[in-house]
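Visitor: Mind having a look at this structure? Questions to follow.
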Amino acid sequence: MIGVFDSGFGGLVVLREFLQALPQYDYLYLGDNARIPYGTRSDKVVVRFTAQAVDFLFRQGCNLIILACHTASAKALRTIQQVYLPVHYPERRVLGVVIPTVEEALARSRGKRIGIIATEGTVTSLSFDLELKKLDPEVEVVQQACPLLVPIIESGEQEWEGTGMILKRYLAPLKAAQVDTLILGCTHYSILKEKIRALMEDNLELICSGQVTAAKLVDYLHRHPEMETRLSRGGSRRYLTTDLTPRFQQLASLFMGQSLTPEVVEL
Ligand code: DGL
């Protein structure tokens, strides 16, 4: 079984891409809706919450977990891979969205000027910036935190005129820096993809981590038959959440394009 973890519903856009690319496997999605947002929390808390979620998914039988949450990938993945896994689950793997997205951005960038929009936590972690520069020390990176976008999207205000104004303000420094590639470094932002594109230069390369991570996961499983053969292939999907609010189905439809049957769990 493949576990997919996010702080809430946004990771469903990533799961959706996995289901298209690799429909044969069993998937267990976990959204920590009781504790969203992660994007404004300290490193210590994001590591603790993510480790609890990973532990929970492992106990449910996942052999491979993808952190669809960019904030968790940026702030917690390294600690989980280097400290937690070797002690508790040396045979299992946790992967994130930062490295696949960074590799794709560098492959597609013509002028090596790459912009990133993300939560405050992801931006201050400097994860995208560091990983980009590790692979290409020449690359110019411009980051912009967009703290208002998650609440706007979660409250269904994408079409509000204020959203356009806020986006314009967030994108201004990236436009001024003439980035040729823009990473949408948060689960939620692909919902605003067309609006973002319309506000930027025509030939901008827009990188959505969901699609990219799905393609890289296909490749990863080819290269790691020892993991691939341990993944069950029943085509099942289960959706776990740590809180069930009346807006569950509305948000599930927004991110997944369909209503879902939720199971409430405690971590
Ligand atoms: N899932 C988070 C991310 O991708 C956005 C929501 C949150 O702040 O928890 O960074």
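Visitor: So which residues in the stretch 98-137 are touching a helix residue (DSSP H, G or I) at 6+ places or on another chain (Cβ under 6 Å), in a loop (DSSP other than H, G, I, E, B) and closer than 21 Å to Asp180 by Cβ?
Guide: Asp136, the sole residue that qualifies.
Visitor: Still on this structure, I have one more. State whether one or more residues within the stretch 172-184 are away from the ligand (no atom under 15 Å from the Cβ), on the phi < 0 side of the Ramachandran plot, open to solvent by 60 Å² or more (accessible area, probe 1.4 Å) and at pLDDT 95 or above. Don't jump to the end; show me each part of the working.
Guide: Quick first cut of the stretch 172-184, residues away from the ligand (no atom under 15 Å from the Cβ) only: 172-182.
Then keep just the ones that are on the phi < 0 side of the Ramachandran plot; that gives 172-177, 179-182.
Of the ones still in play, those that are also open to solvent by 60 Å² or more (accessible area, probe 1.4 Å) are 175-176.
Filter once more, so that each one left must be at pLDDT 95 or above: 175-176.
Yes: the stretch 172-184 contains one or more residues that are away from the ligand (no atom under 15 Å from the Cβ), on the phi < 0 side of the Ramachandran plot, open to solvent by 60 Å² or more (accessible area, probe 1.4 Å) and at pLDDT 95 or above.
Visitor: If you don't mind, there's one more thing I want to ask. Tell me which residues, restricted to the stretch 21-37, are open to solvent by less than 50 Å² (accessible area, probe 1.4 Å), within 19 Å of Val264 (Cβ to Cβ) and not charged (D, E, K, R).
Guide: Selection gives Tyr27, Leu28, Tyr29, Leu30, Gly31, Asn33, Ile36.
Visitor: Taking the stretch 53-68, which residues are among the polar types (S, T, N, Q) and either over 14 Å from His88 (Cα atoms) or without any contact (Cβ under 8 Å) to a residue 40 or more places away in the chain (or both)? Quick ask: steps written out before the conclusion?
Guide: First, pick out the residues of the stretch 53-68 that are among the polar types (S, T, N, Q): 60, 63.
The answer is Gln60, and nothing else.
Visitor: Filter the stretch 213-248 for residues that are among the polar types (S, T, N, Q) and open to solvent by less than 70 Å² (accessible area, probe 1.4 Å) and give the result. It would help to see each step written out before you state the result.
Guide: Quick first cut of the stretch 213-248, residues among the polar types (S, T, N, Q) only: 213, 229, 232, 236, 241-242, 245.
Passing the criteria: Thr213, Ser232, Ser236, Thr241, Thr242, Thr245.
Visitor: Here's something else I'd like to know. When you scan the stretch 129-155, how many residues do you find that are open to solvent by less than 30 Å² (accessible area, probe 1.4 Å) and touching a Lys or Arg at 6+ places or on another chain (Cβ under 6 Å)?
Guide: 1
Visitor: Further question on the same structure: If a residue has to be over 18 Å from Leu231 (Cα atoms) and surrounded by fewer than 17 Cβ atoms within 10 Å (Cβ to Cβ) to count, how many in the stretch 80-105 make the cut?
Guide: Going through the stretch 80-105 one residue at a time, the tally reaches 7.
Visitor: While we're here: Counting only residues that are under 19 Å from Ala68 (Cβ atoms) and in contact with a helix residue (DSSP H, G or I) (Cβ under 9 Å, 6 or more places away or on another chain), how many does the stretch 182-198 have? Working first, answer last.
Guide: At the first step, the residues of the stretch 182-198 found to be under 19 Å from Ala68 (Cβ atoms) are 183-193.
Those still in the list that are in contact with a helix residue (DSSP H, G or I) (Cβ under 9 Å, 6 or more places away or on another chain) too: 183-192.
Going through the stretch 182-198 one residue at a time, the tally reaches 10.
Visitor: Tell me which helices (runs of 4 or more DSSP H) are completely within the stretch 209-267 and hold 3 or more residues being touching a residue at least 12 places away in the same chain (Cβ under 8 Å), or say none if there are none.
Guide: Once the helices (runs of 4 or more DSSP H) in the stretch 209-267 are filtered for at least 3 residues that are touching a residue at least 12 places away in the same chain (Cβ under 8 Å), what remains is 209-223, 248-256.
Visitor: If you check Gly11 against the conditions, is it near the ligand (Cβ under 9 Å from one of its atoms), out of contact with any Asp or Glu (no Cβ under 6 Å at 6 or more places or on another chain) and small (Gly, Ala, Ser)? Working first, answer last.
Guide: Details: near the ligand (Cβ under 9 Å from one of its atoms): yes; out of contact with any Asp or Glu (no Cβ under 6 Å at 6 or more places or on another chain): yes; small (Gly, Ala, Ser): yes.
Against the criterion (near the ligand (Cβ under 9 Å from one of its atoms), out of contact with any Asp or Glu (no Cβ under 6 Å at 6 or more places or on another chain) and small (Gly, Ala, Ser)), Gly11 qualifies.
Visitor: Filter the stretch 30-52 for residues that are in contact with a Ser or Thr (Cβ under 9 Å, 6 or more places away or on another chain) and in a helix (DSSP H, G or I); which is farthest from Arg93 (Cα to Cα)? Give the steps one after another, and end with the answer.
Guide: Just the residues of the stretch 30-52 that are in contact with a Ser or Thr (Cβ under 9 Å, 6 or more places away or on another chain), to begin with: 30-41, 43, 46-47, 49-51.
This time we only want the ones that are in a helix (DSSP H, G or I), so: 43, 46-47, 49-51.
Values: Asp43: 21, Val46: 19, Val47: 16, Phe49: 18, Thr50: 14, Ala51: 13 Å.
Looking at residues that are in contact with a Ser or Thr (Cβ under 9 Å, 6 or more places away or on another chain) and in a helix (DSSP H, G or I), I get Asp43.
Visitor: Let me ask something else. Checking Ala107 against (1) free of Cβ contacts under 8 Å to residues at least 24 places away in the same chain; (2) touching a Leu at 6+ places or on another chain (Cβ under 7 Å): exactly one of these is not met. Which one?
Guide: (2)
Visitor: Of all the residues that make up the stretch 73-94, how many are under 14 Å from Asp55 (Cα atoms) and touching a strand residue (DSSP E or B) at 6+ places or on another chain (Cβ under 8 Å)?
Guide: Quick first cut of the stretch 73-94, residues under 14 Å from Asp55 (Cα atoms) only: 76-77, 79-81, 83-94.
Now restrict to residues that are touching a strand residue (DSSP E or B) at 6+ places or on another chain (Cβ under 8 Å): 76-77, 80-81, 85, 92-94.
Count: 8.
Visitor: Which of (1) at pLDDT 95 or above; (2) open to solvent by 10 Å² or more (accessible area, probe 1.4 Å) is the odd one out, the single condition Gln158 does not satisfy?
Guide: It is condition (1) that Gln158 fails.
The values are calculated or read from the model by the stated rules, or taken from the named source; none is laboratory data. Here the structure is a predicted model, which is why all the values come from computation and not from measurement. In this analysis, Cβ positions are derived from the backbone assuming ideal geometry, glycine residues included, and neighbour counts consider all displayed protein chains. What goes into the accessible areas is simple: the full protein's heavy atoms, side chains included, and nothing from ligands, DNA or RNA. Shrake-Rupley method; radii C 1.70, N 1.55, O 1.52, S 1.80 Å.
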